[in-house]
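The values are calculated or read from the model by the stated rules, or taken from the named source; none is laboratory data. Bear in mind the structure is a predicted one, so any value in this text is a computation, not a measurement. Note that we place each Cβ from the backbone using ideal geometry, even for glycine, and neighbour counts take in every protein chain shown. Areas reflect the complete protein model, heavy atoms only, side chains present, ligands, DNA and RNA absent. Shrake-Rupley method; radii C 1.70, N 1.55, O 1.52, S 1.80 Å.
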Amino acid sequence: MASSRQPIPLKRRPFDIALLGFFAINLFLVTYVISLEQIVIDTPFAYAPPAWPPQFLLTIIHWWEKTFDPLLWARPAWYRATIWLDVLVFGPFYAVALYAFGRGRDWIRIPSVIWASIMFTNVFIILFDELGGAHASPHPAVVVMANAAWLLAPFVVGWRVLRKQHPFTEEGA
């Protein structure tokens, strides 16, 4: 009699709980508040308030951009392309990853590797400009620390899904 694979209960996968938190923060704050702001407001120094994000969040985001992250304030075309990837590709990935990591679905392996590859590449290129490019930050250590999670998470997710062929399931009875 053939046995089928069963999801490993989330309580036995505490590391995945941390990844679920990371994906949730990215889905609900980073992608569809911070990144979306950079799409709906083309010129941050002169704009009509959009329906979303709310003005109090725009005030915080714009303070950060002006104080620490001039690349985000300048919004060159190549950078806006990375933001479109965030909104159109990463956001849906986070929603799917929340489901798949939470429910223990092995099929998320390949999408996770694709996400990790694109995310690391984007953040590396963005930091390259922020540290020594045309829009170098006046506070490079702060910018690196603020982006560290997005530099490290691709490796963590890759490690998590590539160690085993079935990272979220085990043989059932």
Among A48, P9, A100, whose Cα projects farthest towards the positive end of the dipole of the chain, with charges put on the beta-carbon of Lys, Arg (+1) and Asp, Glu (-1)? P9
The chain: calculated mean residue ellipticity at 222 nm from DSSP helix runs of at least 4, using -39500 (n - 2.57): -19000 deg cm²/dmol
Backbone N within the stretch 136-173 under 16 Å of label point (7 Å from S4 Cα along the Cβ vector): 169-173
Where in the stretch 83-102 is the amide nitrogen less than 14 Å from a point lying 7 Å along the Cα-to-Cβ axis of T169? 100-101
Measure nothing fancy, just the Cα-based angle from helix 14-25's long axis to the longest principal axis of the chain, in degrees from 0 to 90, nearest 10. 30 degrees
Separation of the I110 and L162 label points, Cα + 7 Å toward Cβ, nm: 1.6 nm
For the chain, with a Gaussian network of springs between Cα atoms less than 10 Å apart, report the residue from S117, S137, S35 with the top mean-square fluctuation. S117
Relative to the Cα centre, what is the charge dipole magnitude of the chain, using +1 at the beta carbon of each Lys and Arg, -1 at the beta carbon of each Asp and Glu, and rounding to the nearest 20 debye? 700 debye
Helix axis angle, 91-103 relative to the chain longest principal axis, alpha carbon, degrees: 30 degrees
Just grab the label-to-label distance for F45 and A18, each label 7 Å out from Cα along the Cβ direction, in nm (one decimal). 4.2 nm
Could you work out the relative contact order of the chain, using alpha carbon pairs under 8 angstrom and six or more residues apart, expressed as a whole percent? 35 percent
If you roll a 1.4 Å probe over the stretch 10-59 with all protein chains in place, what percent of the accessible area is carbon or sulfur? 75 percent
Which labelled figure in (i) 17.0; (ii) 17.5; (iii) 16.0 is Kirkwood radius over Cα pairs in Å, once derived from the coordinates: (ii)
Got a sec? Charge dipole of the chain, +1 on Cβ for Lys and Arg, -1 for Asp and Glu; which of V123, S112, I25 is way out at the positive end? S112
Å² of accessible area per residue within the stretch 6-107, as computed with a 1.4 Å probe and no ligands counted: 51 Å²
